[in-house]
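Peer 1: Next up is a structure, given as structure tokens.
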Amino acid sequence: MSRELRFPDAFWWGSATSSHQVEGDNRNNDWWAWEMKPGAIHDGTRSGDAAGWWSGRAESDLDQARAWGHNAHRMSLEWSRLEPTPGVFDDEAFERYRQILGKARALGLKVIVTINHFTLPMWAAKRGSWLWPELPERFARLCKQCAERLGDRVSRWATLNEPNVLAFMAYAGREWPPGLGDAKSFGRAARAMLEAHARGAAEVRRSRPGSPVGLVLNLPVFDPSRRHPGDLASAKAQDWAFNGAILHALTTGQLLFPLSLRPRPLEGLASSCDWIGLNYYGRFSVRFDPRRPGDAFGRHDQTDTVRTEWTDWGQPHPQGLIRGLRRLSRLRVPMFVTENGTWDAQDTRRPEFLRSHLRALHRACGEGLDVRGYFHWSLVDNFEWAEGWATRFGLLALDRDTQERTPRPSAEIYAEICRSGMLLDE
Ligand code: BGC
């Protein structure tokens with residue numbers, strides 16, 4: 001006998017995209033320049049036309065989402081288009097976003113807009129990216145412009161996407177621009193992004209009172225591989241550096257190591273979120289390794305994990321979604337799952353990935369956790385950063401030569417859930 005797992009009536013169902021990954025021809029940002037560096041993109045591809053959103057494909061993809069019963073969408077804005085030179089805002093670029101947002105509204109889709117999803121304009125990159133002391137202030141000015149010019153078409157704002165991931169990949173690591181590979185820069189960049197978030201959120205609230213503004217975090221699970229004190233300590237340390245310190249900062253307004261060398265407050269941070277987004281992909285199993293001081297003496301030692309030669313999204317672990325939501329509930333604001341998905345061009349793993357995570361999400365709602373919606377990553381195959389086009393996350397498969405779309409079987413499975421507001425526990 002199968003059981004009906006019903007979600008709350010007003011639940012938001014949708015998928016997520018980000019500007020650089022779908023728009024195409026974003027030549028004026030740090031990623032476009034990074035893509036030109038030999039070896040930077042593992043499969044040798046570039047973002048190129050991406051999924052053609054800027055030149056007109058956004059609208060038909062949103063039509064498709066609506067036809068599948070989605071009632072919401074999460075997207076982001078491209079800073080390098082909106083402010084191509086410092087202090088000069090581009091009316092035409094704002095107009096293009098007004099069109100896309102207008103289309104979403106006409107379809108009855110609620111929209112979460114992330115003001116910045118990883119990419120920076122070249123002028124900011126040339127001055128030091130998130131290590132440029134002026135960037136938080138510049139970001140706050142951008143937020144004000146966005147809220148004023150687009151706010152009537154946006155349901156919820158997110159300032160930034162995953163400061164922890166960006167600080168890790170691009171400042172501690174060398175995988176993403178600026179690729180500093182310097183552990184100390186992790187804390188500085190993450191702190192700058194938290195400051196930018198707090199200041200940006202204040203601007204959105206000033207310009208659009210009543211329009212909820214929040215932040216999107218990626219909280220993977222770090223579990224010890226064995227019941228071994230070394231594994232336990234290392235898993236705990238990795239979790240603190242990646243997840244815990246930022247969560248603590250958002251909850252208390254206090255920056256602790258590695259966000260700051262000595263404890264100190266960050267103005268406006270403690271009450272900066274009206275809501276919070278969780279991006280969740282998987283679990284890392286941490287094993288003590290004395291040769292890895294830079295990774296808190298731990299390596300990831302796991303089977304059945306979703307990885308390429310370079311990147312590991314972790315083991316699929318639906319229970320981790322509940323654990324992430326429980327942790328975020330400490331902020332006492334509504335929560336959304338703003339990304340969850342897996343790369344799978346053949347769509348063999350995705351159906352079970354989707355169902356198992358939605359079953360977990362249903363349990364989270366049953367525990368009384370205040371989750372208001374779910375956004376699958378992603379609506380359409382897109383440019384997956386350093387992985388290029390090798391990893392396909394879309395409900396729609398994209399043919400890059402023709403821009404033709406083909407729905408993957410999971411899209412229909414998800415559509416059934418969106419339309420009925422429930423899934424069957426079989
Ligand atoms: C990011 C997306 C990315 C996805 C899959 C998330 O961390 O927000 O931009 O495409 O993961 O790797």
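Laboratory data are not the source of any read-out in this text; all were calculated from the coordinates shown. No experiment lies behind these values; they were computed from the predicted model shown. Positions of Cβ are backbone-derived with ideal geometry, glycine not excepted, and every protein chain shown enters the neighbour counts.
Peer 1: Around Trp12, which amide H atoms from residues at least 5 apart in sequence, or from another chain, sit under 5 Å from its own amide H, with H modelled in the peptide plane?
Peer 2: Gly373, Tyr374
Peer 1: Quick one: what does P(r) look like for the chain with 20 Å bins over all Cα pairs, in whole %?
Peer 2: 27, 63, 10, 0
Peer 1: With contacts defined as alpha carbon pairs under 8 Å and 6 or more residues apart, what's the relative contact order of the range 321-426 in percent? Show your work: numbers first, answer last.
Peer 2: On the way: 133 pairs, mean separation 29.2, N = 106.
So the answer I get is 28 percent.
Peer 1: For the range 61-133, what is the convex hull volume of its Cα atoms per residue in Å³? Mind showing how you got there, number by number?
Peer 2: On the way: hull volume 6.7 nm³, N = 73.
It is 91 Å³ per residue.
Peer 1: Only loop residues by DSSP count here, and only those with at most 15 other Cβ atoms within 10 Å; note down the GluC sites (Glu not before Pro) in the range 90-148 that meet that.
Peer 2: Working: sites: Glu92, Glu95, Glu134, Glu137, Glu148; in loops: Glu134.
Answer by residue number: Glu134.
Peer 1: Counting other beta carbons within 10 Å of each Cβ, put Ile322, Ile413 in order, fewest first.
Peer 2: Details: Ile322 21, Ile413 18.
Ascending number of Cβ neighbours within 10 Å: Ile413, Ile322.
Peer 1: Only Cα pairs under 8 Å and at least 6 apart count here; give the relative contact order of the range 70-156 as a rounded whole percent.
Peer 2: Rounded, it is 39 percent for the range 70-156.
Peer 1: Scan the range 243-303 for trypsin sites (Lys or Arg not before Pro) in coil per DSSP, keeping those whose Cβ has at most 15 other Cβ atoms within 10 Å, and list them by number. Could the numbers behind the result be given before it?
Peer 2: Values: sites: Arg283, Arg287, Arg291, Arg299; in loops: Arg291.
For trypsin sites (Lys or Arg not before Pro) across the range 243-303 that sit outside H, G, I, E and B with at most 15 neighbouring Cβ atoms in 10 Å, the list reads Arg291.
Peer 1: Let me ask you something else. Going by how many other Cβ atoms sit within 10 Å of their own, how do Asp344, Asp304 line up, fewest first?
Peer 2: Working: Asp344 18, Asp304 8.
Ranked by crowding around the Cβ, least crowded first: Asp304, Asp344.
Peer 1: At R0 = 41 Å, how high is the FRET efficiency between Phe257 and Ser207 if r is their beta carbon distance? Nearest 0.05 is fine.
Peer 2: Values: r = 35 Å, r/R0 = 0.84.
Computed FRET efficiency for Phe257 and Ser207: 0.75.
Peer 1: Counting each DSSP H run of 4 or more residues in the chain as -39500 (n - 2.57), what helix-only mean residue ellipticity at 222 nm follows after dividing by all residues, to the nearest 500 deg cm²/dmol? Can you show the working numbers first?
Peer 2: Details: 14 runs with 148 residues, N = 426.
It comes out at -10500 deg cm²/dmol, rounded to the nearest 500.
Peer 1: Wrap a convex hull around the Cα atoms of the range 52-185, take a quarter of its surface area, and give that in square nanometres. Please list the in-between numbers first.
Peer 2: Working: hull surface 34.0 nm².
Result: 8.5 nm².
Peer 1: Using a 10 Å cut-off around each Cβ, can you sort Ser211, Ser55, Ser76 from fewest to most neighbouring Cβ atoms? Walk me through the numbers before you get to the answer.
Peer 2: Numbers: Ser211 16, Ser55 13, Ser76 25.
Arranged by neighbour count, lowest to highest, Ser211, Ser55, Ser76 become Ser55, Ser211, Ser76.
Peer 1: Using Cα-Cα distances under 8 Å and only pairs 6 or more residues apart, what relative contact order does the range 169-288 have, in percent? Provide the component values of the computation, followed by the final result.
Peer 2: Values: 194 pairs, mean separation 35.9, N = 120.
This gives 30 percent for the range 169-288.
Peer 1: Something else about it: From the Cα gyration tensor of the range 182-236, with a ≥ b ≥ c the square roots of its eigenvalues, which class applies: rounded if a/c is under 1.5, or else prolate if a/b is larger than b/c, or else oblate? Let's see the in-between values first.
Peer 2: On the way: a/c = 5.82, a/b = 2.26, b/c = 2.57.
Because a/c hits 1.5 or more and a/b fails to exceed b/c, the range 182-236 counts as oblate.
Peer 1: For the pair Arg307/Arg372, report the inter-label distance in nm, with labels modelled 7 Å from Cα in the Cβ direction.
Peer 2: Label at Arg307, label at Arg372, 3.8 nm between them.
Peer 1: Compute from the Cα atoms of the range 133-173 the Rg and the Dmax, the latter being the longest Cα-Cα distance, and quote both in angstrom.
Peer 2: Taking only Cα atoms of the range 133-173, I get Rg and Dmax of 13.1, 38 Å.
Peer 1: Could I get the Rg over Rh figure for the range 9-79? Both from C-alpha atoms, Rh via Kirkwood, rounded to two places.
Peer 2: Working: Rg = 14.7 Å, Rh = 13.6 Å.
On the Cα set of the range 9-79, Rg over Rh gives 1.08.
Peer 1: Further question on the same structure: Direction-averaged shadow area of the convex hull around the Cα atoms of the range 221-335, nm²? If you can, show how the numbers build up before the last one.
Peer 2: Working: hull surface 32.7 nm².
Orientation-averaged projected area of the Cα hull: 8.2 nm².
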